[in-house]
Amino acid sequence: MDKNWYAVYTKPEKEKRIMELLTRKNFENYCPLNMIRGQRFGRKKIIFEPLFPSFVFVRSEEYEHAELKNINGIINLVYWLHKPAVITNDDIHTIKKFLHDFGNVHLEKIQIGVNDPGRNLSDSVMNQNGNIVSAHNDLIKVILPSLGYMMVARAGKQNVKVIISKNSGNYTTSR
C-alpha cells in the first residue's frame, strides 16, 4: 500500500507536541510553521506559529489510522466526504516552498468543488496541477486545492517571477 498525507486535528496549541509524539512513533509528519515578524515591548521579535492552527499533517497508510487516533492530543483525522481527507504531495511541497520563501503568510478559505481544478483570476497564472498563482502588486497567492485554502503573502513584486512550466513548481523568487 502507498502512504498518503492526511491532516489530523489536534487539541488547541498542541501541534508541536503532537509532532514530537508522531516522530517518536516513526510517523513522517509536518506542521507548517509560519514566521511572524512583530514588535513587542519595543523589541523586534520573530516567532514561529502553526500556519494551520490545530492541524498536523501525517504521512501514513490507511491501516495506521487507528493508531493515530490513539495518540494523546490527536482528536481525529480530518474527513472529506466521509473519508479521511488525502492531502496531495504537491500541496505539501507547495506549502514547504511558500513558507521557505515568505513570512507573515495568512490563509484564506476558498470554495472548491469536487471536480473543480481551479479558477481563473485576472492577472493569474494556472500551472498544470491546477494551483493558481496570483501576483497582484506585492501580494502573492497560491491555492492549495486538496485543503481548500489559499496562502497569501506580501513580497516585493521585483522579487517574484511567475514561470509557466509543465514540470516545475508554481513560482520562483529572486532575492
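A cut-off of 5 Å between modelled amide H atoms, ignoring neighbours fewer than 5 places along the same chain, links Thr88 with Ser146.
Quick one: length gained pulling Arg43 to Lys83 fully straight, 0.36 nm per residue minus the C-alpha distance?
9.8 nm
Could you pull out every residue, at least 5 positions away or on a different chain, whose amide H is within less than 5 Å of the one on Val56? Hs are placed 1.01 Å off N in the peptide plane, and Pro or chain starts have none. When sequence neighbours closer than 5 places are left aside, the close amide H contacts are Val8, Thr10. Of the residues Leu33, Asn76, Ala66, the one whose Cα sits farthest towards the positive end of the charge dipole of the range 1-77 is Leu33 (charges of +1 on Lys and Arg Cβ, -1 on Asp and Glu Cβ, taken about the Cα centre). Each residue of the range 27-41 was assigned a 3J(HN,Hα) from its phi angle through the Karplus curve 6.51 cos²θ - 1.76 cosθ + 1.60 (θ = phi - 60°); the sequence is 9, 5, 8, 8, 10, x, 9, 8, 7, 10, 9, x, 10, 9, 6 Hz, with glycine and proline shown as x.
Sequence-ordered 3J(HN,Hα) estimates for the range 58-72 from the Karplus curve with 6.51, -1.76 and 1.60 and θ = phi - 60° stand at 10, 9, 8, 9, 4, 5, 8, 4, 4, 5, 4, 5, 8, 6, 4 Hz, glycine and proline given as x. Under 5 Å from the amide H of Asn29 lie the amide H atoms of Arg59, each residue being 5 or more positions distant or on a separate chain, with H modelled from the backbone and absent for Pro and chain starts.
Taking a ≥ b ≥ c as the square roots of the Cα gyration tensor eigenvalues, with a/c under 1.5 meaning rounded and otherwise prolate when a/b beats b/c, else oblate, which class fits the range 1-63? It is prolate, given that a/c is not under 1.5 and a/b is the larger ratio. From most to least packed by mean Cβ count within 10 Å, the peptides 23-29, 42-48 give 23-29, 42-48. In order along the range 139-151, phi translates into HN-Hα couplings of 9, 10, 10, 10, 8, 10, x, 6, 9, x, 10, 10, 8 Hz, rounded to whole numbers, per the Karplus curve 6.51 cos²θ - 1.76 cosθ + 1.60 with θ = phi - 60° and x for Gly and Pro.
Overall form of the range 4-121: oblate. Here a/c, set by the Cα gyration tensor axes a ≥ b ≥ c, is 1.5 or more, and a/b is not larger than b/c. Label positions at Lys16 and Lys96, each projected 7 Å from the Cα along the C-beta direction, are separated by 2.1 nm.
The numbers here are math on the coordinates, done by the rules we state, and not lab data. In this text the structure is predicted, and so the values were computed from the model without any measurement. Using ideal geometry, Cβ is built from the backbone for each residue, glycine included, and neighbour counts are taken over all protein chains shown.
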